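For reference, the structure is listed below as structure tokens.
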């Protein structure tokens, strides 16, 4: 049984829906781009969170950013994958949520992103909220409401 099954959408918070940090693939600032690309390919994700050495959230890195970083004038300069570090190609302009944010804040945040990172007040990484989880909750709520009328 889901923890949100008996809650109204207005009572659901991000903590009820997020995937905890222990279950989320991530990379660190000083990892080579080659490592980040391997994590992305093996996990099947298009992007993952980037953490510093103390597990604070600093950004995200995706396949497109990595490929753009090694794109030369006439070819992909794949030798750069082992030379360049994640911090040189990552995206730092990312939306964030906190565990206590509302379902609606989560819904607004995932409209333009497949996932949004969740962090505490000191930027320690707590997990992610995925668009999939939000859509599943909306579907569950819709059919619960529809069946009760």
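Tabulated values for the structure
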{"quantity": "Helices (runs of 4 or more DSSP H) lying entirely in the stretch 11-123 (those with 3 or more residues that are at pLDDT 95 or above, closer than 26 Å to residue 133 by Cβ and within 18 Å of the chain's Cα centre (by Cα))", "calculated": "14-17, 33-43, 63-69, 103-110"}
{"quantity": "Selection status of residue 75, without any contact (Cβ under 8 Å) to a residue 40 or more places away in the chain, surrounded by fewer than 14 Cβ atoms within 10 Å (Cβ to Cβ) and closer than 19 Å to residue 20 by Cβ", "calculated": "no"}
{"quantity": "Filter result for residue 10 (surrounded by fewer than 12 Cβ atoms within 10 Å (Cβ to Cβ), within 29 Å of residue 103 (Cα to Cα) and in contact (Cβ under 8 Å) with a residue 40 or more places away in the chain)", "calculated": "yes"}
{"quantity": "Some residue of the stretch 27-34 being over 21 Å from residue 106 (Cα atoms) and free of Cβ contacts under 8 Å to residues at least 40 places away in the same chain", "calculated": "no"}
{"quantity": "Test: residue in the stretch 126-145 that is crowded, with 19+ Cβ neighbours inside 10 Å and free of Cβ contacts under 8 Å to residues at least 60 places away in the same chain", "calculated": "no"}
{"quantity": "Lone qualifier among 84, 104 - being touching a residue at least 40 places away in the same chain (Cβ under 8 Å), more than 21 Å from residue 20 (Cα to Cα) and in contact with a helix residue (DSSP H, G or I) (Cβ under 9 Å, 6 or more places away or on another chain)", "calculated": "84"}
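The values are calculated or read from the model by the stated rules, or taken from the named source; none is laboratory data. Quantities reported herein were computed from a predicted structural model and do not represent experimental measurements. Glycine also receives a Cβ, built like all others from the backbone with ideal geometry; neighbour counts cover every protein chain displayed.
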